[in-house]
1. Among 414, 406, 398, 392, which is the only one that is open to solvent by 70 Å² or more (accessible area, probe 1.4 Å), more than 30 Å from residue 462 (Cβ to Cβ) and either small (Gly, Ala, Ser) or not in a helix (DSSP H, G or I) (or both)?
2. Given (1) under 19 Å from residue 281 (Cα atoms); (2) within 14 Å of ligand 1 (Cβ to nearest atom); (3) without any contact (Cβ under 8 Å) to a residue 60 or more places away in the chain, where does residue 105 come up short, assuming only one miss?
3. Name the one entry in 142, 137 that is open to solvent by less than 50 Å² (accessible area, probe 1.4 Å) and in contact with a strand residue (DSSP E or B) (Cβ under 8 Å, 6 or more places away or on another chain).
4. Counting only residues that are at pLDDT below 90, open to solvent by less than 30 Å² (accessible area, probe 1.4 Å) and of a type in the set (Val, Ile, Thr), give me the strands (runs of 3 or more DSSP E) lying completely in the range 485-556 with at least 2 of them.
5. How many residues does the range 51-82 hold that are hydrophobic (A, V, I, L, M, F, W, C) and more than 19 Å from residue 142 (Cβ to Cβ)?
6. Pick out, from the range 237-353, the helices (runs of 4 or more DSSP H) lying fully within it that include 2 or more residues that are over 11 Å from the mean Cα position of the chain (by Cα).
7. Please state which of the following conditions residue 112 fails to meet, knowing it meets all the rest: (1) in contact (Cβ under 8 Å) with a residue 40 or more places away in the chain; (2) among the aliphatic types (A, V, I, L, M); (3) in contact with a Lys or Arg (Cβ under 9 Å, 6 or more places away or on another chain).
8. Give me the pairs: first residue in the range 164-185 and under 24 Å from residue 49 (Cβ atoms), second residue among the polar types (S, T, N, Q) and within 16 Å of ligand 1 (Cβ to nearest atom), beta-carbon distance under 6 Å, and six or more apart or on different chains, which are they?
Amino acid sequence: MATFTQLGLEKNLLQAITDMGFETPSEVQEKTIPILLDRETDIVSLAQTGTGKTAAFGFPMLQKIHIESRTTQGLILSPTRELCLQITKELESYGKHKKGLNVVAIYGGASISDQARQIKKGAQIIVATPGRMKDMIGRGMIDISKIEYCVLDEADEMLNMGFYEDITEILSHSPKDKSTWLFSATMPKDVAKIAKKFMHSPVEITVGSKNVGTENVSHEYYLVNARDRYLALKRLADANPDIFSVVFCRTKRDTQKVAEKLIEDGYNAAALHGDLSQNQRDLVMKSFRTRQIQMLVATDVAARGIDVDDITHVINYQLPDEIETYTHRSGRTGRAGKSGVSMVIVSKSELRKIKSIEKIIQRSFTKKEIPSGMEICETQLFHLANSIKNTEVNQEIEPYLPNINEVLEGFSKEELIKKVFSVEFTRFYNYYKNEKDLNAAAGDPSAGHNPDSVRYFINIGGRDDFNWMSLKDFLKDLLSLGQDDVFRVDVKDSFSFFNTDKKHQDLVLSIFDDFKLDGRNISVEISKDGRKKGGGKSGGKGRKSGRRSGKSFDGGKPNFKGKSRRRGQKPSGKGTGGKRRRRN
Ligand code: ADP
Ligand code: MG
């Protein structure tokens, strides 16, 4: 592995690198920096989010500009204000030992005359969003006729946001013989097009998926009916009590709507999208960084500026229109050496997109089941147990203890535990006790819509190594039925449900009348509550999830690390009872 010195960087930059605590160059830096230092060339450099692309173009640009001149020599175009500011800040710290360096950020939503004034002082490097940049060039406030280097950063995202025309316009004011450096996480058609149009035989560099960003991220999808999307989101949140997540929606409207619903349901959530004022956005980001907000619901564009390191889950509430964008989303978690999960809530019609994404990220997805209400109750209970275990006793409580003890006198430890846990548990239990299974059966186009079908309960499930697909195959082979004759197969841990048309009812019951699998009696009954649970409207007006509202993530609830698994008792419900495995 190379060192920064070996890459050919000058002393003042190496000093800054040491100051910042960077030890070794990242892969994209190692591959890009020597080429850019060595010659004047165009370059296309593809590497995922979080791999250190800013320094890959920032160091060479700082080394190559003439610091004694005040002429603008470098232009960096980037998609959002947040990124603009982030890059500017990074460049300033890389160049902190370069006397006279002036990097100016140009972006919309702030005073144009202030920005013009800063430019007038002489900026060797301008970092800009395309819209404001075009505007200022048009007004004669910025001259880029002498730039030598132009960086198109996050090119895929700029094109996604519709900046193609602006970029074309801006570049028409720049010299033909400059070098263009394009950085992108992905290479969709539009980026290839822009490379072809604006660049001359660029060097191409691709950094494999071997970056911290993706290696630590596992990808999961949850198949639900489109109308159950929101309920599924809530379950995923409830099943992960320590969640600190970004929830991605496709449009500003959905972003706002989902955030509002979450807040109404008592979650620490907020929306982040382009319709908010800059001030509002800054506030939201501040609350997110300090973990006052546990679920940040965001559009792709707004989320680009998020540089928060310990996001535990990325939730794709909807998949992006451009599947390449998925890479950016999942790259928000699994940063800085931590592991993360990227979850996709997907409806049947979008299922094929999962395959396309797998091709792009070169990783496979795990199909997961939305946890049942009772599994969530169990998770929450263990979470609480651990929280109690790990809570540091606050000494200030001493003076109040005698009175508390008096009230609780006479209860045994067992009784106290039951009571304490019930306080918390009942909230979730009441909400979830009648909730339906949200998992959609993938093979079944008529899921839940056939009134002439019969729902059965069968006492085999995930524990017997069945998933919905293998159980469906097993049943249709056994019953000699066709592909679509067994449907709505819901596999639980120790039991499952499935449907057939009413006309097959006698066949099913007679075959399972006396049936053994590996010596074990397999029984099938017509499900009594299956129909009601499976088809009924869920939720119930005004019922809230177990969360208390208005509680800060750090403030109210103790922060517990790690969950332990003990034998769980099933609070209620049909089935075989006994030990249950937790799914998350
Ligand atoms: P990208 O543009 O590829 O998404 P960034 O340039 O924003 O990534 O870098 C991500 C983070 O990694 C930043 O906080 C940056 O300071 C840090 N970083 C960059 N290069 C290194 C390095 N060689 N060693 C340690 N940290 C680095
Ligand atoms: Mg970047």
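The values are calculated or read from the model by the stated rules, or taken from the named source; none is laboratory data. Values in this document were obtained by computation on a predicted structure and should not be read as measured data. Cβ: placed from backbone, ideal geometry, glycine included. Neighbour counts: every protein chain shown. All accessible areas refer to the heavy atoms of the entire protein, side chains included, with ligands and DNA or RNA removed. Shrake-Rupley method; radii C 1.70, N 1.55, O 1.52, S 1.80 Å.
1. After applying the criteria, what remains is 392.
2. (2)
3. Working: 137 fails: in contact with a strand residue (DSSP E or B) (Cβ under 8 Å, 6 or more places away or on another chain).
Residue meeting the stated conditions: 142.
4. Working: elements: 486-491, 496-501, 515-517, 520-522, 524-526.
Once the strands (runs of 3 or more DSSP E) in the range 485-556 are filtered for at least 2 residues that are at pLDDT below 90, open to solvent by less than 30 Å² (accessible area, probe 1.4 Å) and of a type in the set (Val, Ile, Thr), what remains is 486-491.
5. Quick first cut of the range 51-82, residues hydrophobic (A, V, I, L, M, F, W, C) only: 55-57, 59, 61-62, 65, 67, 75-77.
Then keep just the ones that are more than 19 Å from residue 142 (Cβ to Cβ); that gives 55-57, 59, 62, 67.
Residues that pass the stated criteria total 6.
6. Numbers: elements: 252-264, 278-289, 300-303, 325-330.
Filter on the range 237-353 gives 252-264, 278-289, 300-303.
7. Just one mismatch for residue 112, condition (1).
8. Partner pairs satisfying both residue conditions: 183/45; 185/48; 185/49; 185/327.
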